[in-house]
Every structure is written in structure tokens, then in C-alpha cells.
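Heads up: the structure comes next, in C-alpha cells.
The values are calculated or read from the model by the stated rules, or taken from the named source; none is laboratory data. Note that the structure is predicted; figures quoted are calculated from it, not measured. Positions of Cβ are generated from backbone atoms using ideal geometry, with glycine treated the same way; all protein chains shown enter the neighbour counts.
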Amino acid sequence: MSTTSPTPIPGPPGLPLLGNIFDIDQKNTWWSLKTLAEKYGEIFQINALGHKIVFVASAALAEEICDEKRYRKFVGGPVKEIRYLTHDGLFTAYDHEANWGIAHRIIAPQLAPSLIASHFSEFALCTDELIAKWKALGANNTITPLTDLNRLNLEATALTLFGKKLNCLDGSSDSVLDAMEASTSEAMRRPNRPKLLNLLLSDSKWKKAAAVQRAWAQSLLDHRAAHPTDRHDLLWALLHAPDPETGKTLTPSQVIDEIVTMPIGSSTAPCALATLILFLLQNPSVVTKAREELASVLGDAPLAQEHLASLHYITGIVRETLRLSYAAPGFNIEPIPREGDTSPVLLAGGKYQIPHDQAMIIVLAGVNRDPAVFEEPLAFRPERMVGEAFEKLPRGVKRWFGNGKRECVGKHWAWEFLVVVTAKLIHGVDFEAVDGGYVLKQDGWFNVRPVAFKVKVKGRA
Ligand code: HEM
């Protein structure tokens, strides 16, 4: 056994009783955590009103705590709060809740690569509609990419998973997007306020936002009931498929929980894409290379599912975007309880010690830009995300979709959407900076996106 004492986990000094509440901007938690990761490195801690939280920000430590034999997803803080909306649905279920397994076994097969590929034409259709909308704006336009990409994402989610064409690129479904924003922003704030203040300040808005999203889910069910179909999509599975292990099907309330969960999960993809547009503007040579690849793979043909596997450079662009946008900015981990053993948990071979029940948050802004792994970590270089170079990277820097059994169930959907939209945007339009000096600043709640980022968009001949 090592006799050297563990290294104290660093962190900002904080105030008596209040701890570090002034080190975290309540309106932009993830930006504060990114800043702290830049200052303290691989691990740091803060105290918020008597609760200690440990943050992991290096690839090696992230990988260590992704070991499912010792650690599991921690359902606490904002994730616990959002259970008000989604109960024991996929994203919010505690490790011990049997309904997670039932829902996972019903849902995961519908989001497997082969079924996602069968929706290619729907992804393509929605993306083409957005490009047509942008082309119709004429020469002197200014757009906020995130706004339109959020709508595109909702359009594609509703069509592919639930079989309903919303036609919402014009903003006609913004109320559900606003409600998602209200629920997730409030879920981030609630754990840091006394209960009474939550009740007084925001209870009616919180409840209303949940009601709007559940009503939206019900409208998709009503649409399916009014338009019977033999389409076997996710909605069909939620309504009819039995869990292969228990034979159980989902209850009507669980169906709503899972429908509501999906756009919240998928809303990470447009955040990544909006940031990608900035990376493309900053790296014109990347656009040139991507266009060369598209010309050689597609020729004069429109993009088709068969082309996607040959778009190696664009694959690199999407992976590099996931790395540098860290659109899903982190995820929560805790040690698996060891019966009768409350001794500290050792990290990095005993270099650090944490209490046996310590919640930890992986901060991907640190992990994904770990200087121990990447040369010039801030540079946007798709080449490092292709072929052997990508294979050689440690697993810890490829955690964009989370870990293990609680890894993103929508990752193949996300991948298809990201590749199709990236390829079509690079092929179909040119972006021009509105503010050439724009420096990436992100904010967000369950995902992070570029703040006030606007561009001009022009169709290509
Ligand atoms: C760029 C796009 C996306 C990224 C980066 C992303 C990232 C993640 C991450 C990191 C987790 C783990 C969260 C945790 O451990 O608490 C997760 C879980 C999840 N994601 Fe995604 N996601 C994306 C897109 C999607 C899409 C498109 C969907 C739905 C179609 C989706 C649905 C979910 C669900 C339901 C979970 C919970 C899974 C479970 O615990 O069983 N996500 N995602």
C-alpha cells in the first residue's frame, strides 16, 4: 500500500458558508466550469452551499471514471430536477429503476444504424428544405444559424421518429422549443435555490413548460391515431413493442415521457452544427478539401445513403466538431456503492482521494482539449479524426456521447443527422461572417451553443 499522502484536489478558495457560489455564473454554469478547467487542469472541486462537487477534466481521469465496474451515472442536480418532466424515462432514470431497462430494450433497436439509414431520405428532405429557405433569402440576409438549425432538428426528429411532418422551419413550432429551453434552464437553476424560492419564483413557469412539451407529445399521438400507418418507427415501438425480457409494454404516461425526452436529447445536434459553421468560416481550407471530397464521391449525383461511408474527410469534420464544440458539455458519474465499505475512492493510482459517495462531473471542455493528448488542442483539424490517427486517440477523448449503458441512445441518429446536414451545407451554400472578429463564447443548459453568432448565407451555383 502506498504511504504517500494523496494530493489535495485543487479549487477556488470560496467564502465561509457560501462556498464557491460566486465562482460559478448561474446564468452560464458550463462557461464557468470550462474556465475553471483551464485554470486547474485535470481535476478540481467546488463547494456550493455545503455540497462538494468534483470535476474531472483530463482524458485519462475521464476514462478511469468511465469504468462501469466501479462507477455509474449519477442522477442528481439538474438531471434529478428534470424528472418532473420525464420521470423515470431513459435519460432521467436512476440506476436501480427497472423501467430504464424496459424502455431501453424497446427503444434502442429503433435507433440502431440500419433503421436510422432507412430514414436517410427524410433527413435529406428536411435539410434540403432549410437550404431552399436560406437560398430564397436573397443576397443581403443575416441569419442566426442556431435558430434555424434548432427548427431543422425538431422537424427531423418529429418526422423520422414519430412520422409527423411539422413544417416548422418557419418557426411554427417554436413554442415547444421555448418550453424545452424553459425546462432545461430552470432545471439547472433549481438545485442552487432554496425550495421556497423555487416555489415562489418559478413554479408556474416550470409547470407550464412541462405541460407544453407533454401536450406536444400528445399531439404526435393524436396524429398517429388519426393517420393509421404500418410504419414501424420509434412511435410504433413506444406504443406497441413488448420488452423482449419482461414482455411489458410502456404505459401511456411512459410513452409521453420518452417522446418528450427525444427532442431534448437531439437538441444537442444543432448546437454542434451551429458551432461547426463558425469552424468552417475560420478554416476555409477545410471547406475546400470537403468540397473536393464531395465532388469525387458524389460526382453530379445528389447525396445518397451509400455515399456517407465514403465521406472520410467529412467524418473527420463532424468528429472534430464534436470534440471542439463539446455540445453536450459533460455528464455525471458516481462511485458504485460498495456494501459496508465507506473508505475513500482512489483516483489516478491513489494520487487523489474522494469520499465513497462523491458525485463527479466530467467537463468535456477540458477532456476534449487535453494538451496531454492533442498538439495544438484548440486548432480545428479534421485530419486528426480520420483513419489511423483517430483510432490511435485514447478512448477518453471520444466521450462525446457519454459512457457505457447510459451512453447516448440517439448517437446513430445524431451521427446520420450531423453528416447529412454537414455534407449538404458544405455542398449547397457559402457562409460569410457578419462579425469577422467573432470569438466563440458559449452558453446553454443541457447543451452549449455559440452566443449571438450570426452569418450571411448564399446559395452556391
Ligand atoms: C450531437 C448530438 C448528441 C450528443 C453529443 C449527445 C450526447 C449525449 C450524452 C453525453 C449522453 C449521456 C448523458 C448522461 O450520462 O447523463 C446522452 C444521453 C442520451 N441521449 Fe444524446 N446526444 C446527442 C444526440 C441525441 C439524439 C439525437 C437523441 C435522440 C434521438 C438523444 C437522446 C439521448 C437519450 C435518450 C439519452 C439518455 C440515454 C440513457 O441514459 O439511457 N441524444 N446523449
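Summary of values
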read-out	value
Pairs, first under 19 Å from Ile116 (Cα atoms) and of a type in the set (Lys, Arg) in region 398-417, second at pLDDT 95 or above and near the ligand (Cβ under 6 Å from one of its atoms), C-beta under 6 Å, six or more apart	Lys411/Phe401
Pairs with Cβ under 9 Å, 6+ apart, first in region 55-77 and touching a residue at least 12 places away in the same chain (Cβ under 8 Å), second assigned to a loop (DSSP other than H, G, I, E, B) and of a type in the set (S, T, N, Q)	Ala59/Asn368; Ala62/Asn403; Ile65/Asn403; Cys66/Asn403; Glu68/Asn403; Tyr71/Asn403; Lys73/Asn403; Val75/Thr92
Among (1) without any contact (Cβ under 8 Å) to a residue 40 or more places away in the chain; (2) surrounded by 20 or more Cβ atoms within 10 Å (Cβ to Cβ); (3) aliphatic (A, V, I, L, M), the one test that Ala309 misses	(2)
Enumeration of residues in region 245-273 that are hydrophobic (A, V, I, L, M, F, W, C), near the ligand (Cβ under 8 Å from one of its atoms) and closer than 19 Å to Val176 by Cα	Met262, Ile264, Ala269, Cys271
Subset of region 430-444 (residues that are over 29 Å from Ala136 (Cβ atoms) and charged (D, E, K, R))	Lys441, Asp443
Single residue of region 282-306 satisfying the filter (among the polar types (S, T, N, Q) and surrounded by fewer than 16 Cβ atoms within 10 Å (Cβ to Cβ)) that is farthest from Thr321 (Cα to Cα)	Ser296
Sole exception among (1) part of a loop (DSSP other than H, G, I, E, B); (2) among the aliphatic types (A, V, I, L, M); (3) within 26 Å of the chain's Cα centre (by Cα) for Ile53, by number	(1)
Filter result (within 20 Å of the chain's Cα centre (by Cα), outside any loop (DSSP other than H, G, I, E, B) and either away from the ligand (no atom under 14 Å from the Cβ) or hydrophobic (A, V, I, L, M, F, W, C) (or both)) within region 316-341	Gly316, Ile317, Val318, Leu322, Leu324, Phe331, Ile333
Lone unmet requirement of (1) in a helix (DSSP H, G or I); (2) within 16 Å of the ligand (Cβ to nearest atom) for Ala290	(2)
Counted residues, region 373-418 - those being away from the ligand (no atom under 16 Å from the Cβ) and either out of contact with any Leu (no Cβ under 8 Å at 6 or more places or on another chain) or not in a helix (DSSP H, G or I) (or both)	20
Residues satisfying the stated conditions in region 342-372, i.e. within 17 Å of Lys34 (Cβ to Cβ) and in a loop (DSSP other than H, G, I, E, B)	Asn368, Arg369, Asp370, Pro371
Residues within region 352-372 that are farther than 19 Å from Asn47 by Cβ and surrounded by fewer than 17 Cβ atoms within 10 Å (Cβ to Cβ), tallied	2
Residue list for region 368-410, restricted to those being under 20 Å from Ala269 (Cβ atoms) and touching a strand residue (DSSP E or B) at 6+ places or on another chain (Cβ under 9 Å)	Arg399, Gly402, Asn403, Arg406
Breaking point among (1) within 16 Å of the ligand (Cβ to nearest atom); (2) closer than 29 Å to Asn192 by Cβ; (3) of a type in the set (Gly, Ala, Ser); (4) touching a residue at least 24 places away in the same chain (Cβ under 8 Å), for Ala103	(2)
Matching entry among Trp100, Trp134 (being part of a helix (DSSP H, G or I), buried (at least 19 other Cβ atoms within 10 Å of the Cβ) and in contact with a strand residue (DSSP E or B) (Cβ under 8 Å, 6 or more places away or on another chain))	Trp134
Where a residue in region 141-160 is farther than 17 Å from Ala433 by Cα and its partner, wherever it lies, is assigned to a strand (DSSP E or B) and of a type in the set (S, T, N, Q), with Cβ under 9 Å and at least six apart	none
Extreme residue, nearest to the ligand (Cβ to nearest atom), among residues of region 56-94 that are of a type in the set (Ser, Thr, Tyr) and in a helix (DSSP H, G or I)	Thr86
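Here's the yes/no breakdown for (1) within 16 Å of the ligand (Cβ to nearest atom); (2) within 20 Å of Phe446 (Cα to Cα); (3) among the aromatic types (Phe, Trp, Tyr):
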position	(1), (2), (3)
Asp148	no, yes, no
Leu161	yes, no, no
Ala182	no, yes, no
Arg190	no, yes, no
Leu201	no, no, no
Lys205	no, yes, no
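Listed here are the residues, each with its yes/no results for (1) surrounded by fewer than 19 Cβ atoms within 10 Å (Cβ to Cβ); (2) assigned to a loop (DSSP other than H, G, I, E, B); (3) among the hydroxyl-bearing types (Ser, Thr, Tyr).
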{"site": "Thr7", "(1), (2), (3)": "yes, yes, yes"}
{"site": "Pro10", "(1), (2), (3)": "yes, yes, no"}
{"site": "Pro13", "(1), (2), (3)": "yes, yes, no"}
{"site": "Phe22", "(1), (2), (3)": "yes, yes, no"}
{"site": "Gln26", "(1), (2), (3)": "yes, yes, no"}
{"site": "Trp30", "(1), (2), (3)": "no, no, no"}
{"site": "Leu33", "(1), (2), (3)": "no, no, no"}
{"site": "Leu36", "(1), (2), (3)": "no, no, no"}
{"site": "Phe44", "(1), (2), (3)": "no, no, no"}
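The rows are residues; the columns are (1) in contact with a Leu (Cβ under 8 Å, 6 or more places away or on another chain); (2) in contact (Cβ under 8 Å) with a residue 60 or more places away in the chain.
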{"residue": "Thr246", "(1), (2)": "no, yes"}
{"residue": "Leu281", "(1), (2)": "no, yes"}
{"residue": "Pro284", "(1), (2)": "no, no"}
{"residue": "Val287", "(1), (2)": "yes, yes"}
{"residue": "Arg338", "(1), (2)": "no, no"}
